Every structure is written in structure tokens, then in C-alpha cells.
Amino acid sequence: MALREVENSLFLGVAKRLSEKPAAVFMIALQADGTVEAAALWTPPFPLSICAADEERAEQLADAVLDAAGPPVPGVIGLWGHATRFAERWAARPGQAFRPELEMTFYTLDRVVPPPVPAPGILRPAAARDRDWLIDWHVAFAEEAALPVAERSRDHVAELVRRKLAESLLYVWEDRGRPVSVLGYTPTGISGVRIGPVMTAPAERGRGYAGTAVATLTQRLLNVGARWCGVFADIANPQSNRLYQRLGFREVCRFRSLAFLR
């Protein structure tokens, strides 16, 4: 399977993190003539992350995961067509079913278009003293974005925030000393980074904080060596899609997350 870095960046980012900090996971790959044509990787509590050379290989991957009788994964996430075909193949087995959960556009850029009128404030790294309110904000974001139930758990969010603080992956946009927006990023494994999550306090929305914060952090990451920056946007959220498009992000592909029902 030819390495398509941008399209497979979600999968590659998880694989990179696991190579640096091994954890208990389920992994499987399909090979032909020594070449990997599809692969799946699961880290609880997230859906099974997949990549495949094409939709036919995605179907074969579903059969391989089911036949492996591994742990009961909660769902699948991947490129729109691949995840859909994987889930349809999964549901063809007796006792298996699925439902759509999240549908997202993946945008990338390699040159930022700054907001014409930047919002006031400064971007600073999040610090240990921010931990408690960052957890509150992340839980609220997970609820508002209707993320999978396991990802809304306060215990899960607390561990996520702890890790991101330890790895210096979270930033705060402050205006007159008040935190008004939070955002972070994740290395994708090769030459790019993925921005997110991006959240603004409900009372502070509509003032340009998120756009200015994303533009500032994205430019910093490009300045220190990232060749491209990406971001996911919920297809059902026109505001976030417009925001990223105004900053120069362009759609590359679409992803689906589908939950398995038992």
C-alpha cells in the first residue's frame, strides 16, 4: 500500500505514539507480496483506526478482524468509503450491526491566511496550574461535540489532559489575562501535525478568538518544521468549516466514525 501521509495521518499518529510509549493494543495487517495493503489498530477507548489501499481491502480487513476474535472494539474510524465498507462487511456477520457516529472533513494547509482583524490577546503554552479548568473545558467540548461516550468520561479526559500537558501539546489564548480559547496539536508521524481540539468558552464566541489562536499556533508549527498542518471539522458544524477555510485550510478527504452495536 502506497503511503498516503495526509489521508493516513490519523492512523500514523497513533502508531507513532505507540512506538514511543508502548501500550496494550490490538493490531492486525494484511500483506501481499511483502507489501502491507491494509491495517487496523485499536487503543481503548477509541474506535478501531484503519487504513487500506482501497475499499475492497477495507472489506477484507473487516473479515480479518472478525476472524481474529480479538477484543470487542467499539467501532471503526477511517476514510469515508473505507470505514463505510468495513462497517457494512462487519454487519454482514450474524449478531453485528453499526450506526454512524461522527462525520468529519479533514483540511490541510501549508500556508496560513491570517485573519484580517486579529482578535486581541496572546497565545501561551498551557501549564500545570491550568489542569483543573482544562479538564472541565475538555469534558464540555466532548459533550457538545457528541463524541463517543467513552471519550466523555472525566477519568479519560483527565488522563488525556495530563498527557498533553506533559508533552507540551496544549495552548491557551488569553485576553487581558482571561483564558478564552484552548487548542492543541498532535504530531501525525512523518512531516505534518494535526490541530485540535479547538474550543472557545461559550460566552466568548463570535469574537475571533478561535480563528486567531488557530492561525497563530499553525504558523508557529510551520515555522519550526511542520510541512503541513491539518484539522478535523464536523461536517454538521458550518461555523467551524467556514473558520478553517478562511484561514487557508482546504479539504483533502472525509472521515467517518461508526459505532458497532451488539
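The values are calculated or read from the model by the stated rules, or taken from the named source; none is laboratory data. These figures come from a predicted structure and were not determined experimentally. Heads up, the Cβs are rebuilt from the backbone with ideal geometry, glycines too, and the neighbour counts pull from every protein chain shown.
Side notes on the structure shown:
- Restricted to the stretch 195-212, and to residues there that are within 20 Å of Trp133 (Cα to Cα) and among the small types (Gly, Ala, Ser), the residue that is surrounded by the most Cβ atoms within 10 Å (Cβ to Cβ) is Ala210.
- Among the criteria (1) in a helix (DSSP H, G or I); (2) more than 21 Å from Ala213 (Cα to Cα); (3) touching a residue at least 40 places away in the same chain (Cβ under 8 Å); (4) of a type outside the set (D, E, K, R), the one Phe141 does not fulfil is (2).
For (1) closer than 20 Å to Phe255 by Cβ; (2) touching a residue at least 60 places away in the same chain (Cβ under 8 Å); (3) charged (D, E, K, R), each residue gets a yes or a no:
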residue	(1), (2), (3)
Thr105	yes, yes, no
Val112	no, yes, no
Ala127	no, no, no
Asp132	no, no, yes
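- Matching residues, the stretch 186-216, being in contact with a Gly (Cβ under 9 Å, 6 or more places away or on another chain), hydrophobic (A, V, I, L, M, F, W, C) and more than 19 Å from Leu10 (Cβ to Cβ): Ala213, Ala215
- Residue within the stretch 16-26 that is in contact with a Leu (Cβ under 7 Å, 6 or more places away or on another chain) and buried (at least 16 other Cβ atoms within 10 Å of the Cβ) present: no
- Among strands (runs of 3 or more DSSP E) entirely within the stretch 57-133, having at least 2 residues that are surrounded by 14 or more Cβ atoms within 10 Å (Cβ to Cβ) and of a type in the set (A, V, I, L, M, F, W, C) singles out 75-79, 97-109.
- Yes/no for Leu170 being within 15 Å of the chain's Cα centre (by Cα), within 19 Å of Ala201 (Cβ to Cβ) and modelled with pLDDT under 95: no
- In the stretch 176-194, residue surrounded by the most Cβ atoms within 10 Å (Cβ to Cβ) [restricted to those that are closer than 17 Å to Trp137 by Cα and touching a strand residue (DSSP E or B) at 6+ places or on another chain (Cβ under 8 Å)]: Ser181
- Residue match in the stretch 108-131 (condition: under 17 Å from the mean Cα position of the chain (by Cα) and either at pLDDT 95 or above or of a type in the set (D, E, K, R) (or both)): yes
- Some residue of the stretch 140-153 being touching a strand residue (DSSP E or B) at 6+ places or on another chain (Cβ under 6 Å), more than 22 Å from Gly206 (Cβ to Cβ), of a type in the set (D, E, K, R) and assigned by TED's automatic domain parsing to the domain that holds Val214: no
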